[in-house]
Amino acid sequence: MESLVFPAEMRNPMEEFFRLWRCRECLSLHAAAEVSTEDFEKRSPFLRRRLNFFNRRMFAGFHAFLGRLGVRRTDALLIYGLSADLFKTVFEQRGQAPVDTVDRALPAGQLAAAPAKAHDVVVVMEYLECADDPRQVLSFAARQLKPGGLLVIHTPDAEKIKLVPQESHRLYQPHRIHIAGAGILKQLVEKHGFRLRETRHRNYMDTLWPFVNYRAFHELPYWGDGTLNAAIEFKASHLARAWWRLPRLLFLGLFGGWRGDASNLIAVFEKTHDPVD
């Protein structure tokens with residue numbers, strides 16, 4: 001069995017190291033030990049994330065991407081996942097109708113409850129891989145959508161990630177519990193009443209704006225203590241901490257968006273029917 005131990009990507013975690021293993025059949029990655037999602041969500045560095053010049057452009061770029069998919073500004077959107085409230089703020093500032101959000105793990109009872117309203121689009125943003133049971137999230141999304149509505153999933157593609165130490169920043173331990181490969185993801189989602197419309201290997205962070213891209217963002221931890229917290233907290237004054245890395249940061253900041261990150265995928269599904277429980 002292919003497996004490897006990775007360090008925590010967050011400050012002051014419950015444990016220092018976490019093992020991931022790869023399923024030989026579907027190529028997905030799974031946490032070897034049970035992890036308390038409730039505990040690590042409370043410690044997530046993304047809770048400290050605030051809007052700034054750079055991430056506003058990331059969120060705006062993703063909103064424009066949804067527009068190219070045919071999403072209208074009058075459509076009812078639900079965003080489930082990391083930084084959902086920040087996406088909501090930027091989307092609504094760009095003229096989107098009021099956006100509903102879920103930015104935390106929901107108990108099974110709430111996931112199974114009847115929706116308050118039907119949505120035209122549900123976005124699962126970097127959360128499917130963090131759920132104890134991704135199937136519950138997919139069932140929740142299916143219930144939230146109108147017939148013909150779109151489910152947009154932004155998630156890592158396990159088939160594009162190697163189990164090597166250099167890939168630790170793509171694995172966000174201990175946040176990511178079940179990272180699906182593109183093939184098994186398609187099968188899982190289609191079982192919940194969807195058909196695949198398109199898949200693109202890209203990351204919402206990637207834009208052509210200077211320093212607004214995935215690779216530049218993941219250089220920032222090296223200017224602090226190596227955790228995602230350091231990337232979230234980065235300030236210009238931190239440049240003195242690792243000045244010898246400045247050429248690399250400049251290169252990634254200026255050109256990282258041109259190459260983009262292919263380890264993540266955005267999969268777009270259309271709801272064809274209600275799933276049979």
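Values for this structure:
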item	result
Scope the range 68-87; condition within 19 Å of the chain's Cα centre (by Cα) and free of Cβ contacts under 8 Å to residues at least 40 places away in the same chain; matching residues	ASP85, LEU86, PHE87
Answer residue from the range 84-106, given it is part of a loop (DSSP other than H, G, I, E, B) and more than 24 Å from GLY148 (Cα to Cα) and is modelled with the highest pLDDT among those	ARG94
Conditions (1) in contact (Cβ under 8 Å) with a residue 60 or more places away in the chain; (2) more than 18 Å from SER44 (Cβ to Cβ); (3) outside any helix (DSSP H, G or I); number of the one not met by GLY61	(3)
Residue that is nearest to PHE46 (Cα to Cα), among those in the range 71-83 that are modelled with pLDDT under 95 and of a type in the set (Gly, Ala, Ser)	SER83
The range 189-202, residues that are of a type in the set (A, V, I, L, M) and modelled with pLDDT under 95	none
Unmet criterion (only one of (1) in the same structural domain as LEU27 (by TED's automatic domain parsing); (2) closer than 20 Å to ILE161 by Cβ; (3) touching a helix residue (DSSP H, G or I) at 6+ places or on another chain (Cβ under 6 Å)) for LEU252	(1)
Residues located in the range 27-57, provided they are at pLDDT 90 or above and either over 20 Å from PRO134 (Cα atoms) or in a loop (DSSP other than H, G, I, E, B) (or both)	LEU27, SER28, ARG50, LEU51, ASN52, PHE53, PHE54, ASN55, ARG56, ARG57
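One line per residue, one yes/no per condition, for (1) touching a Gly at 6+ places or on another chain (Cβ under 9 Å); (2) loosely packed, with under 13 Cβ neighbours inside 10 Å; (3) within 21 Å of ARG200 (Cα to Cα):
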position	(1), (2), (3)
LYS235	no, yes, no
HIS238	yes, no, no
TRP243	no, yes, no
PHE251	no, no, no
LEU254	no, no, no
SER263	no, no, yes
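Condition check ((1) at pLDDT 90 or above; (2) in a strand (DSSP E or B); (3) crowded, with 23+ Cβ neighbours inside 10 Å) across all residues:
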site: GLN110; (1), (2), (3): no, no, no
site: ALA114; (1), (2), (3): no, no, no
site: VAL124; (1), (2), (3): yes, yes, yes
site: ASP132; (1), (2), (3): no, no, no
site: ARG135; (1), (2), (3): yes, no, no
site: ARG143; (1), (2), (3): yes, no, no
site: GLY148; (1), (2), (3): yes, yes, no
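Quick grid of which residues meet (1) without any contact (Cβ under 8 Å) to a residue 24 or more places away in the chain; (2) assigned by TED's automatic domain parsing to the domain that holds SER28; (3) crowded, with 21+ Cβ neighbours inside 10 Å; (4) farther than 15 Å from SER263 by Cα:
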site	(1), (2), (3), (4)
ALA158	no, yes, yes, no
GLN166	yes, yes, no, no
PRO174	no, yes, yes, yes
GLY183	no, yes, no, no
ARG195	no, yes, no, yes
THR199	no, yes, no, no
THR227	no, no, no, yes
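The values are calculated or read from the model by the stated rules, or taken from the named source; none is laboratory data. Just so it is clear, the model here is predicted, and its values are computed rather than measured. Note: ideal-geometry Cβ built from the backbone for every residue, glycine included; neighbour counts use all protein chains shown.
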